[in-house]
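Colleague: I'd like to ask some things about the structure below.
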Amino acid sequence: MPRTALSLCLALVACSKPPPPPTGAPVRIGELLVQMTRQADEHPGHGTYHRARNDLERELWGLLRVLPIVEKGDELLLLCVENVYTRYDANYLNGYLWHWPYLNSRRAIALCDRILKDWPRTQVRERTLWLKAFALVCPPTLPDPAAEKDLDVYRDQATWRPDPEAARALYREIAAMNGTHAKKARELADSSLPVLVLPMEPLQPDPRSP
């Protein structure tokens with residue numbers, strides 16, 4: 001998206017009438033997105049990466065659940081789907097936590113559903129449907145007692161069960177829209193559509209790309 005998370009949230013505050021409860025929630029969501037997206041740490045021999053933080057994700061999810069219907073709110077929710085709950089980092093490390101630090105199909109789908117329900121004329125419908133379909137075919141995370149103890153999203157994704165048929169219906173809808181993702185959506189709708197195997201090796205292509 002052309003706007004940064006923080007600039008979009010500042011615009012949301014200016015457009016909202018009356019100010020959304022809690023006061024400044026869109027701005028704080030933007031700040032959290034910046035913190036949760038930035039790859040600030042350095043691993044010897046592996047470059048920059050981002051370590052998941054449970055406290056930030058809990059705060060973000062709490063704010064998202066009470067975010068009112070405001071202008072461009074659909075874009076803000078989609079940023080959270082894109083940059084947090086389906087986010088992929090192509091770095092030089094291995095494993096779920098380094099490449100999918102906040103992966104959570106249930107939360108991604110919940111945000112996509114809210115966009116589609118509360119912003120019926122949204123300009124980001126195609127991308128919202130695409131990411132919802134992606135979340136539907138994501139696999140559960142591998143058993144990891146430490147990660148399940150430390151991270152709400154990891155523990156939740158460990159019990160997730162994919163739904164390829166629901167995803168296929170969305171791909172058919174996307175194909176009928178004849179937009180950016182139409183060609184790939186037609187291919188996926190007509191394929192056997194197996195559950196995704198998410199990349200966990202260094203520098204793999206983003207599987208969300210059409």
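Colleague: If we keep just the residues of region 173-210 that are small (Gly, Ala, Ser) and assigned to a helix (DSSP H, G or I), which is surrounded by the most Cβ atoms within 10 Å (Cβ to Cβ)?
Modeller: Here the answer is Ala185.
Colleague: May I pose another question? Residues Pro202, Pro164, Pro194: which one is of a type outside the set (D, E, K, R), over 20 Å from the mean Cα position of the chain (by Cα) and closer than 17 Å to Cys138 by Cβ? First the steps, then the outcome.
Modeller: Details: Pro202 fails: closer than 17 Å to Cys138 by Cβ; Pro164 fails: over 20 Å from the mean Cα position of the chain (by Cα).
After applying the criteria, what remains is Pro194.
Colleague: Also, I was wondering about something else. What are the pairs, 6+ residues apart or on separate chains, where a residue within region 97-118 that is over 26 Å from Pro205 (Cα atoms) has its Cβ under 8 Å from a residue that is aliphatic (A, V, I, L, M) and not in a helix (DSSP H, G or I)?
Modeller: From region 97-118, the pairs are Ile115/Val124; Asp118/Ile69.
Colleague: Does region 121-140 contain any residue that is more than 10 Å from the chain's Cα centre (by Cα), of a type in the set (Asp, Glu) and under 22 Å from Met36 (Cβ atoms)?
Modeller: No: region 121-140 contains no residue that is more than 10 Å from the chain's Cα centre (by Cα), of a type in the set (Asp, Glu) and under 22 Å from Met36 (Cβ atoms).
Colleague: Kindly indicate the residue of region 72-105 that is buried (at least 22 other Cβ atoms within 10 Å of the Cβ) and of a type in the set (Gly, Ala, Ser) and also farthest from Arg161 (Cα to Cα) among those meeting that condition.
Modeller: Among them, the one singled out is Gly73.
Colleague: Quick check on Leu56: is it more than 22 Å from Asp206 (Cα to Cα), outside any loop (DSSP other than H, G, I, E, B) and modelled with pLDDT under 95?
Modeller: no
Colleague: Of everything in region 189-210, what is free of Cβ contacts under 8 Å to residues at least 24 places away in the same chain and not small (Gly, Ala, Ser)? Give them in sequence order.
Modeller: The one that is free of Cβ contacts under 8 Å to residues at least 24 places away in the same chain and not small (Gly, Ala, Ser): Asp190.
Colleague: Next question, about the same structure. Does Trp160 qualify as being touching a Cys at 6+ places or on another chain (Cβ under 8 Å) and either touching a residue at least 24 places away in the same chain (Cβ under 8 Å) or at negative phi (or both)?
Modeller: So Trp160 fits the description; yes.
Colleague: Same structure again: Of the residues that make up region 150-164, is at least one among the small types (Gly, Ala, Ser) and part of a helix (DSSP H, G or I)?
Modeller: no
Colleague: Could you tell me which residue of region 53-71 is farthest from the chain's Cα centre (by Cα), considering only residues that are in contact (Cβ under 8 Å) with a residue 24 or more places away in the chain, over 14 Å from Arg114 (Cβ atoms) and surrounded by fewer than 21 Cβ atoms within 10 Å (Cβ to Cβ)?
Modeller: Glu71
Colleague: Just the residues that are surrounded by fewer than 18 Cβ atoms within 10 Å (Cβ to Cβ) and among the polar types (S, T, N, Q), please, taken from region 150-172.
Modeller: Hit for region 150-172 is Thr159, nothing else.
The values are calculated or read from the model by the stated rules, or taken from the named source; none is laboratory data. None of these values were measured; they are calculated from a predicted model. Note that each Cβ is placed from the backbone with ideal geometry, even for glycine, and that neighbours are counted across all protein chains shown.
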